[in-house]
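S.K.: Have a look at the structure that comes next, please.
The values are calculated or read from the model by the stated rules, or taken from the named source; none is laboratory data. From a predicted model like this one, the values you see are computed outputs, not experimental measurements. Virtual Cβ from ideal backbone geometry, glycine too; neighbours counted across all protein chains shown. Remember, those area values only see protein heavy atoms, side chains included, never the ligands or the DNA or RNA. Shrake-Rupley method; radii C 1.70, N 1.55, O 1.52, S 1.80 Å.
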Amino acid sequence: MTMPVLELQKIVGVEHVLINDSDKDYASLDRSNGLLKSLPLLVVRVFSQTELIDCVRLCLSRKNPLLIRAAGTGKSGGAIASPTTIVIDVTGLNRIISIDTDNLLAVVEPGVILAHLKNAAMHQGLFYPPDPASQDYCTIGGNVAENAAGPSTIKYGTTRDYLLGGTAIIGTGEMIDFGKQTPKGVCGFDIASLLCGSEGTLAVFTKLTLRLLPYPKSIAACIVYFNDEESALYAVNYLQNRGHRPKTLEYIDAICLKALEKHSKTTLATAQSALMIECDAGFDDGARQEIDAILHTLTPLSPTSYTKATTKAELKKLWHERSLLSEACTHYMGYKLSEDIAVPLGKLVMLMRAVKEMSKPPHLMVGLFGHAGDGNLHVQIMFDKAELAAAAQELCHELLIVVVRLGGTIAAEHGIGLKKKAYLPLEQSATLIDVQKRIKKAFDPHNLLNPGKIFDV
Ligand SMILES: Cc1cc2nc3c(=O)[nH]c(=O)nc-3n(C[C@H](O)[C@H](O)[C@H](O)COP(=O)(O)OP(=O)(O)OC[C@H]3O[C@@H](n4cnc5c(N)ncnc54)[C@H](O)[C@@H]3O)c2cc1C
């Protein structure tokens, strides 16, 4: 296969086709995951939709595999290319085309940074809810490809709930306009939902239409501490069964609280577990009233203490502590693997018990924190010697088996990519995987779009 360098240079200019190893090195790994690394054939940087479409079509016409790379913050190796793959970097495609206050819509190029869209919407009194922790640097295109989510999923859902439609190129080189501009619409198959979470394997997004909501009028939060881990996890569906619908319901277990204490000058209390609960409301003071009602409902579960956050500064401080958790767990024992799973709400306590049994103190410990309100926890497998890496990996495998046995999912919000490809059959039958391979073939008959991700075809 010859490299179509000259043709690509004609489209984007000589300086935007990167051939040297040192230039293309940044595109060889996920920014959060240095374990998987592979240099692509070359990297092309595009700055307009026309350049993107022309580059994609050129690769497809040459039967050259291609991969769209955005911010590279995915956590499952989705943006890692094989040595024969051309990477198309879309971070330069970052225009917010419109924020339509009449129709509560945003139209964006795929390389728009999530936080930029959220801010632009907020300035118009509108709200784009998806809130992955990487929001300051990940892109909307990457979010759609991964169906990214975050703490607010319990109330607002995932990226899929906000993707109305868009324009994309499929593996035949054809352009499709998919979806709709209304929250409702049952015209034909729901292609927007199918493409959302397809990890760049079915289509390349060139433009996306997103749903916006009115911006809430009030926000308030609290952190509630418990004497044991079961009570906090029990509280997760106890609250929801009693009619509360907070915006976030985050769980932190004892070892993760300890890791945070060691890592930062935390103001969180030393406790066996904690729940961080945030509420928002469409009227002034509504969120604070909801937090008070939640604290009242929790009284029979005997929390040991709580702290409220109602001002902007208090809220910022609380979420800052939360944002340090992953890093704190990385440093706690020196080494860490982390898993992103979800189980049905009623199984959270069973999952926690199973995880504690897997711990092998003092050298290999398992901690849990995350978006418990929707059953999604980030399992932290921490160990103190490099030689324990294989044991930690084995523990991950055991964990995923338990998760599936509990009716959960092995990939809640970080995708399958390369990292979890081998584990897909744990959750899905051979028939279901085969149906997906046939769908892949319909969109991408020559297997040129991000080949080798999710499954081999
Ligand atoms: C510190 C940190 C915290 C995170 N927290 C969360 C979290 O709370 N919740 C959560 O859900 N995720 C989280 N993530 C992971 C999250 O999936 C990514 O941050 C984000 O969704 C990927 O966006 P990106 O721009 O980095 O895409 P990339 O990593 O560049 O790409 C990811 C995938 O999307 C595909 N893709 C990108 N753009 C396009 C396009 N235009 N067309 C077709 N395919 C495309 C790529 O080919 C690749 O397969 C976190 C990551 C980090 C590093």
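S.K.: Could you please tell me which pairs satisfy a Cβ distance under 8 Å, a separation of 6+ or placement on different chains, a first residue in region 147-168 that is of a type in the set (D, E, K, R), and a second residue that is within 8 Å of the ligand (Cβ to nearest atom)?
M.R.: R160/N147
S.K.: From the residues in region 188-198 that are in a loop (DSSP other than H, G, I, E, B) and within 16 Å of the ligand (Cβ to nearest atom), which one is surrounded by the fewest Cβ atoms within 10 Å (Cβ to Cβ)?
M.R.: G197
S.K.: Next question. Which residues, taken from region 105-138, are farther than 20 Å from E250 by Cβ, within 12 Å of the ligand (Cβ to nearest atom), of a type outside the set (A, V, I, L, M) and touching a residue at least 60 places away in the same chain (Cβ under 8 Å)?
M.R.: E109, P110, Y137
S.K.: Only one residue in T73, T50 is surrounded by fewer than 19 Cβ atoms within 10 Å (Cβ to Cβ) and among the β-branched types (V, I, T), so which one is that?
M.R.: From the options T73, T50, the qualifying one is T50.
S.K.: Only one residue in T172, T201, T206, T167 is part of a loop (DSSP other than H, G, I, E, B), more than 30 Å from G282 (Cβ to Cβ) and open to solvent by less than 50 Å² (accessible area, probe 1.4 Å). Which one? Give the steps one after another, and end with the answer.
M.R.: Numbers: T172 fails: open to solvent by less than 50 Å² (accessible area, probe 1.4 Å); T206 fails: part of a loop (DSSP other than H, G, I, E, B); T167 fails: part of a loop (DSSP other than H, G, I, E, B).
From the options T172, T201, T206, T167, the qualifying one is T201.
S.K.: Give region 308-326 a look and list any residue that's open to solvent by 50 Å² or more (accessible area, probe 1.4 Å), within 18 Å of the chain's Cα centre (by Cα) and of a type in the set (G, A, S), or say none.
M.R.: Result: S323, single match.
To keep it simple, each residue is scored yes or no on (1) out of contact with any Gly (no Cβ under 8 Å at 6 or more places or on another chain); (2) basic (K, R).
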| site | (1), (2) |
| --- | --- |
| A221 | yes, no |
| E229 | yes, no |
| G243 | yes, no |
| T248 | no, no |
| A259 | no, no |
| T266 | yes, no |
| P300 | yes, no |
| K312 | yes, yes |
| R322 | yes, yes |
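S.K.: If you check A168, A232, which single one turns out to be under 30 Å from R69 (Cβ atoms) and not basic (K, R)? Explain how you work it out, then say what you get.
M.R.: Working: A232 fails: under 30 Å from R69 (Cβ atoms).
Matching residue, one of A168, A232: A168.
S.K.: Only one of (1) outside any strand (DSSP E or B); (2) modelled with pLDDT of 95 or more; (3) surrounded by fewer than 20 Cβ atoms within 10 Å (Cβ to Cβ) is not met by G185, so which one is it?
M.R.: (2)
S.K.: Also, quick follow-up: Given the structure, is G157 within 14 Å of the ligand (Cβ to nearest atom) and surrounded by fewer than 17 Cβ atoms within 10 Å (Cβ to Cβ)?
M.R.: yes
S.K.: Would you check if Q380 is surrounded by fewer than 18 Cβ atoms within 10 Å (Cβ to Cβ) and among the polar types (S, T, N, Q)? Spell out how you get there, then give the answer.
M.R.: On the way: surrounded by fewer than 18 Cβ atoms within 10 Å (Cβ to Cβ): no; among the polar types (S, T, N, Q): yes.
Judged against the criteria, Q380 is not a match.
S.K.: Okay, moving on. Taking V43 and the conditions (1) outside any strand (DSSP E or B); (2) under 16 Å from N450 (Cβ atoms); (3) touching an Asp or Glu at 6+ places or on another chain (Cβ under 7 Å); (4) not basic (K, R), which numbered condition does it fall short on, given that it satisfies the others?
M.R.: (1)
S.K.: So which residues in region 76-96 are surrounded by fewer than 22 Cβ atoms within 10 Å (Cβ to Cβ) and within 9 Å of the ligand (Cβ to nearest atom)?
M.R.: The answer is T91, and nothing else.
S.K.: Can you say whether G367 is closer than 20 Å to L400 by Cα, without any contact (Cβ under 8 Å) to a residue 40 or more places away in the chain and crowded, with 24+ Cβ neighbours inside 10 Å, as far as the supplied structure shows?
M.R.: When the stated conditions are applied, G367 does not pass them.
S.K.: Testing K441 on (1) assigned to a helix (DSSP H, G or I); (2) closer than 19 Å to I80 by Cα; (3) of a type in the set (D, E, K, R), one condition comes back false. Which one is that?
M.R.: Of the numbered conditions (1) assigned to a helix (DSSP H, G or I); (2) closer than 19 Å to I80 by Cα; (3) of a type in the set (D, E, K, R), the odd one out for K441 is (2).
S.K.: Please indicate, with yes or no, whether at least one residue in region 217-237 is buried (at least 23 other Cβ atoms within 10 Å of the Cβ), over 22 Å from F127 (Cβ atoms) and within 15 Å of the ligand (Cβ to nearest atom).
M.R.: no
S.K.: Search region 14-27 for residues being under 24 Å from L448 (Cβ atoms) and not hydrophobic (A, V, I, L, M, F, W, C), and hand back the single one that is least open to solvent (accessible area, probe 1.4 Å).
M.R.: Applying the filter and picking the extreme gives K24.
S.K.: Here is a follow-up. Could you please let me know if T330 is more than 23 Å from the chain's Cα centre (by Cα) and open to solvent by 50 Å² or more (accessible area, probe 1.4 Å)? Can you show your working first?
M.R.: Values: more than 23 Å from the chain's Cα centre (by Cα): no; open to solvent by 50 Å² or more (accessible area, probe 1.4 Å): yes.
Criteria not met by T330.
S.K.: A further question on this structure: Looking only at region 353-369, decide whether some residue is part of a helix (DSSP H, G or I) and in contact with a helix residue (DSSP H, G or I) (Cβ under 6 Å, 6 or more places away or on another chain). Break it down into steps so the answer makes sense when it comes.
M.R.: Within region 353-369, the first condition is being part of a helix (DSSP H, G or I), and the residues that meet it are 353-358.
Checking which are in contact with a helix residue (DSSP H, G or I) (Cβ under 6 Å, 6 or more places away or on another chain) leaves us with 354, 358.
Yes, some residue in region 353-369 is part of a helix (DSSP H, G or I) and in contact with a helix residue (DSSP H, G or I) (Cβ under 6 Å, 6 or more places away or on another chain).
Every residue, every condition in (1) open to solvent by 10 Å² or more (accessible area, probe 1.4 Å); (2) in contact with a helix residue (DSSP H, G or I) (Cβ under 6 Å, 6 or more places away or on another chain); (3) not small (G, A, S); (4) not in a helix (DSSP H, G or I), yes or no:
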position	(1), (2), (3), (4)
I341	no, yes, yes, yes
V349	yes, yes, yes, no
L418	yes, no, yes, yes
P445	yes, no, yes, yes
